[in-house]
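Just so you know, all these numbers are worked out from the coordinates, no wet-lab data involved. Just so it is clear, the model here is predicted, and its values are computed rather than measured. Cβ coordinates were reconstructed from backbone atoms using ideal geometry, including for glycine residues, and neighbour counts include every protein chain displayed.
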Amino acid sequence: MSLEDLEARVRKLSMRATDAKMNLHDLAEELPVDWEKIPAVAAETHEIFRDLSAARQALKAAKKAAEEA
């Protein structure tokens with residue numbers, strides 16, 4: 001995957017992470033309404049942030065490799 005592709009992936013995941021964070025925040029503010037949704041919303045948020053973290057690490061490694069080349 002090219003640096004541009006990795007940067008685009010990080011940007012896309014970052015936007016998704018922001019949306020997921022806001023969904024979780026909105027759910028928390030509305031408690032106890034829809035408390036049943038907590039596990040699903042939290043799991044989705046966790047997955048997105050996990051993917052974002054991995055993409056950021058891959059981008060960092062790719063940038064380092066490009067600098068050394």
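Taking 0.36 nm per residue of separation and subtracting the current Cα-Cα distance, fully stretching the chain between GLU29 and ALA42 would add 3.3 nm.
Sum up the charges of everything whose Cβ sits under 14 Å from the Cβ of GLU29, counting Lys and Arg as +1 and Asp and Glu as -1, but leave GLU29 out. Net of charged neighbours comes to -1. Placing unit charges on each Cβ (+1 for Lys and Arg, -1 for Asp and Glu) gives region 3-69 a dipole about its Cα centre, and among LEU52, ALA69, ALA28 the Cα reaching farthest toward its positive end belongs to ALA69.
Percent of C-alpha pairs per 10 Å bin in region 3-68, short distances first: 22, 38, 22, 13, 4, 0. Cβ crowding within 10 Å ranks LYS64, LYS12 as LYS64, LYS12, fewest other Cβ atoms first.
Only lysine pairs 8 or more places apart, or on different chains, with alpha-carbon atoms under 20 angstrom apart are counted in the chain, and they number 4. Around the Cα centre of region 3-68, unit charges on the Cβ atoms of Lys, Arg, Asp and Glu (plus for the first two, minus for the last two) sum to a dipole of about 360 debye.
Where Lys and Arg each count +1 and Asp and Glu each count -1, what net charge lies around GLU4 among other residues with Cβ under 13 Å from its Cβ? Once positives and negatives cancel, what remains is +2. Counting only DSSP H runs of at least 4 residues, each contributing -39500 (n - 2.57), and dividing by the residue count of the chain, the helix-based mean residue ellipticity at 222 nm comes to -30500 deg cm²/dmol. Axis angle, to the nearest 10 degrees, between helix 3-29 and the longest C-alpha principal axis of the chain: 10 degrees.
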